[in-house]
Each structure stands twice: as C-alpha cells, then as structure tokens.
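Report on the following structure.
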Amino acid sequence: MTSSGTNSAEGDPSGSVAWAAAWELLLPVADAPPRARGRTLQAALREAIRRGRLARGTRLPSSRELAADLGVSRGLVTEAYEQLTAEGYLRSDRGAGTWVGAAVRAALPRARDLAPRSPGTRADFVSGTPDLSLFPRAAWAAAQRGVLAELPHQALGYPDPRGLPRLRTALAELLARRRGVVADPERIVVVSGVAQATTLLGFVLHARGVRLVGVEDPGSPEHGTLYAAAGLGTVPLPLDEEGLAVGPLREAGVRAVVTTPAHQFPSGIAYSARRRAELLDWARSVDGLIVEDDYDGDFRYDRAPVGALQGLDPERVAYSGSVSKSLAPGLRLGWLLVPASLAEEVVERKRTMDLGHPTIDQALFARFVERGDYDRQLRRCQRAYRERRDTLVSALAEHFPGTEVSGIAAGLHVIAALPDRYGPLDRFLERATAAGVAVRGLARYGRVPDDGVRLVLGYAHLSPARIREGVGVMASAVR
C-alpha cells in the first residue's frame, strides 16, 4: 500500500496506521466481478467506518494510490469517494485529500474491568484485601533484573508442571520454618493461588468418586463455588468454640473437609489442639482428606503463629497457601502440598490444566525467598497490620461503646458484636451503605445466630487515619 497520509488536520501520524489496520476489509474488492467492484468498495468503506476500523479524522489514500493498490480504475475509486462524501461518511478538502468524516459515531469496542471494586465508598471495611501499597516494588524489580540476567535460555521452555525445582526447594524450607509443615519439594505444586489449588483437588477427588466435600459454616463462600466447578457438592458443617464440630462432621458422611485452622474465616477461631487431634482421628477412621487453607497463617500479632495442621499428619492433610495477603493477589502465585497418595494425580491434572506456572514468575519469587526479601516483607506487613488492628479496636471502643471484638489475635479482619441498641442488622447495614461505608455482616458467610449486629471488619488495606474516619462515619450514620 502506498499511502502515507496522516490522521487528522492536526497532523497526527497515526492515520496511516489506522488505514493499514482497515486495509484487509478492502481486499474483497479486487476479487469481485468487474461490474460489482464499485458497490463492493463502497460497502467495504462504509463497514470499516461504522465499525471504527477507520476512525474519524483518518486520511484515506488518494484515488490514484488506492486504485493502484486494488488494481481497479481510478474512476471507480473517485466515484466511491464521491458517493460516501455525499452520504456523510467522508469529507473532501480540495487540495488536502479525503478524510473520514465526523458524522458517524462508531461504537468502539471497550474492554470491561470485572475486577472486584467498592466504588464510591468513603470507607471500605470488606475483608480479603491486603494493603497493596506495601508491595515491595524496588526489591521485586531488583529480583526481576537478577532473574532475567541469570536465567538460562532453556529454562524458558515448558516447565515442570509441579513448578521450578528451585522454587519448590525454597518453598519447602520457608514453609517448614515458618508454618511447621512437613515439606517435601517433590510434593509441592506451584499454583496460581489457593483457588486453583482448591479446584485441582476437586477434580482429583471427583475422579476418585468423591461427590461431597464438607465446608465450614460460616466460612468462605468461594469454597462452594470452586468445588462446584469440579463437579462436587458441599455440605455446610457448624463450628463451636474450638473449631469445626466433629460430631456433625461424622454424621455428614463425607470423606473430605476444608478447614482454616490457623485463623478460621470469618469467625477468627484458632482451632484448639484437641480439635486438631479429633479431626485427624476422623480422617484416619474414614480414609479421608483434610484440606487446609492457610490463607493468612503468617499474620499473628500477640503470640507465635499456630503451626499448620499438615505438620501433624502430612498423609491426611493437603496444605495450600499463597502470596495474596503477603504480597498481592494480582501475582496469582501460590502452593499446594499434597499427600504422597495424591501427588501423581494432582500433578497430571495441573499439567493438563495449564502446562505449568510461568517460569519467570517462579524464578523471581524463588530468588525473593532465597535472599530473605520475603521474610522482610512479612515483618513489614506484620508491623503495619498490628497497628491497624489496634486502631480499629480503639475506634470501635470510642464510637460504639460496649462492642465486643473477637478474632483479633491474627489475620486481617475482626468480628465486632455491637450492642443491641444498634440493631437490627439489616437497618444498620442499610444506613452504613447510604453513608458510603462498605461493610458486611457475619450472617453473610453462613448460619449464625440472629442475635444482633455482628460485623466482619477488614482493616489491612486501610490506613489508620482511614480506619478512624470510617468508623466515625459509620457511627454517625447509624446513631
């Protein structure tokens, strides 16, 4: 194509690019019967303009250039230009060429952003998000430069579906040291977060004939959705003050159950030693599997973190975790540590699902862990989140006297039980929402007694100042 026109009277040089992008729409003109070429050219130009392939202000080639490119007569192109100018699709300035006119407003395709947001809120207490401003950009960039400089070319091929040996080795050491797991690198599978770990296990369990999985109630609603994608149903199982109640678990007849024993979501319970032992006894008695979701096990503020349940019986517990709370959920990076009896099937399912996690991301995180950057990040987050927890507890005591808080020893949220005078819950949430405060009641996550206003308040992503402001706004709205 010989045109070198610009995009607009202002001289935007992207016009030739826009014309090149629409060129393929005119190719049928050359193949059309001679008597139909004029109509075909006009129709192709209209369609290109309507679809936005030729944006308004785009300069078209001269009639001589386009005729030469298409192998048609110049008069045919001139006639097409004149017809579309009369219809308003084009405009022609004597001595300045032919341009796409401004009369047509093409509906340009737009990419929607379906990421979860809380738009228009003055304060967002919805749990589940860390403070993304704490992401260690400088250290991460340095690790990336180091990895790109040292990574051999052959490492950019299809990876081991379990993950890079370097990362699995680094994770085994990290998890054994920080979470007390029995970590064999051969049984670690690098995944794109706990969601993929859950789905992987769901597919493997389904292939083994499992059709129902027990889940904590109240608990994360995501577990039910993820297992449903693998063809499994879920059985809600109640909690008591020590964790998942074992009696209802036995009565349910399931052979797999999902737990969050380090810091139960959303109640904040840390499973007692007795309850952990009882769960393992149940798993052994039914040849069952406990799926441990250690979603925020690293963040414990008032005493040492409770070790992972997996460390007590690695053949009965599948352990999963991720960097979603410690670094950023957008990294989509996590791990699944599986019993030996499931390892081969899980790895094969991972291979058929995506052929393995991105190599550069794995090498980068391995370096990040090896050099101590990840430990430093965890300590940084721990300090920040402890301060925010304390700020939230203090603000609740000031603005909602008599409030009882629980689940505050760990994690990124608290449970706040407000005095009866602030109820009922529906009215409280309605007024808070109207004031621009995003907040959820405990009842949203499952069966809980209907005995007043009990809230799940996330705080990690809010600065201390925003926490104080948000609690104040909420108090004014419901007073």
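The values are calculated or read from the model by the stated rules, or taken from the named source; none is laboratory data. All of these numbers come straight from a predicted model, not from anything done at the bench. Using ideal geometry, Cβ is built from the backbone for each residue, glycine included, and neighbour counts are taken over all protein chains shown. The accessibility values were calculated without ligands, DNA or RNA, using every heavy atom of the protein model including side chains. Shrake-Rupley method; radii C 1.70, N 1.55, O 1.52, S 1.80 Å.
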_Packing-based ranking, highest mean first, of 469-475, 386-392 given that Cβ atoms within 10 Å are counted_ = 469-475, 386-392
*Which length gain, in nm to one decimal place, applies between THR352 and GLU79 when the Cα-Cα distance is subtracted from 0.36 nm times their residue separation?*
92.6 nm
_At 222 nm, what value in deg cm²/dmol follows for the chain if DSSP H runs of at least 4 each add -39500 (n - 2.57) and the sum is divided by all its residues, to the nearest 500?_
-13000 deg cm²/dmol
*Using a 1.4 angstrom probe, figure out how much accessible area the range 362-479 has per residue, in square angstrom, rounded to the nearest whole.*
44 Å²
_Between the range 294-322 and the range 128-164, the alpha-carbon center distance in angstrom_ = 24 Å
*When the Karplus curve 6.51 cos²θ - 1.76 cosθ + 1.60 is applied with θ = phi - 60°, which whole-Hz ³J(HN,Hα) does each residue of the range 213-229 get, with x for Gly and Pro?*
10, x, 10, 5, 9, x, x, 6, x, 5, 4, x, 5, 5, 5, 4, 5
*Using every Cα-Cα pair within the range 101-194, state what percent have a distance larger than 15 Å.*
80 percent
*Any idea of TRP99's accessible area? Nearest 10 Å², probe 1.4 Å.*
10 Å²
*In what sequence, highest mean first, do 351-360, 336-345 appear when ranked by Cβ atoms within 10 angstrom?*
336-345, 351-360
*If only Cα atoms are counted, what is the Rg of the range 406-449, and what is its Dmax, in Å?*
11.6, 31
*How big is the Cα convex hull of the range 32-159 in projection, averaged over all directions, in nm²?*
17.2 nm²
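Rank these by accessible area, largest first, 1.4 Å probe: TYR459, TYR158.
Of TYR459, TYR158, the descending order of accessible area is TYR158, TYR459.
Multiply the residue separation of ARG383 and ARG39 by 0.36 nm, subtract the distance between their alpha-carbon atoms, and state the gained length in nm to one decimal.
116.7 nm
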*Compactness of the range 266-347 - radius of gyration and Dmax, Cα, Å*: 14.0, 40
*Counting every Cα pair in the range 286-429, what percent are over 27 Å apart?*
42 percent
*For the pair ASP420 and ALA102, how long in nm is the line joining their label points, each one 7 Å along Cα→Cβ?*
6.8 nm
*Pop out the Kirkwood hydrodynamic radius of the chain from its pairwise C-alpha distances, inverse of mean 1/r, in Å to one decimal.*
26.6 Å
*asked:* Modelling each spin label as a point 7 Å along the Cα-to-Cβ direction, I'd like the ASP390/SER476 distance in nm, to one decimal.
replied: 2.7 nm
*Using a 1.4 angstrom probe with every protein chain in place, what is the largest-first accessible-area order of PHE203, PHE368?*
PHE203, PHE368
*How much length is gained on full extension from GLU251 to LEU151, taking 0.36 nm per residue of separation minus their Cα-Cα distance?*
30.7 nm
*Which value, in Å² and to the nearest 10, is the accessible area of LEU280 when all protein chains are kept and the probe is 1.4 Å?*
10 Å²
*Taking Cα centroids, how far is the range 66-117 from the range 368-414 in Å?*
58 Å
*What per residue convex hull volume, in Å³, do the alpha-carbon atoms of the range 145-260 yield?*
154 Å³
*the chain, relative contact order [Cα under 8 Å, separation at least 6], %*: 17 percent
*Arrange the residues LYS325, LYS350 by how much accessible surface each exposes, largest first, with a 1.4 angstrom probe.*
LYS325, LYS350
*trypsin sites (Lys or Arg not before Pro) lying in DSSP loop within the range 37-113, provided at most 16 other Cβ fall within 10 Å*: ARG51, ARG94, ARG105, ARG110, ARG112
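Based on the Cβ-Cβ distance from SER272 to ALA115, what FRET efficiency comes out when R0 is 30 Å, to the nearest 0.05?
Details: r = 38 Å, r/R0 = 1.26.
The calculated FRET efficiency here is 0.20.
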*Distance in nm between label sites at ASP281 and ARG50, each 7 Å beyond Cα in the beta-carbon direction?*
7.4 nm
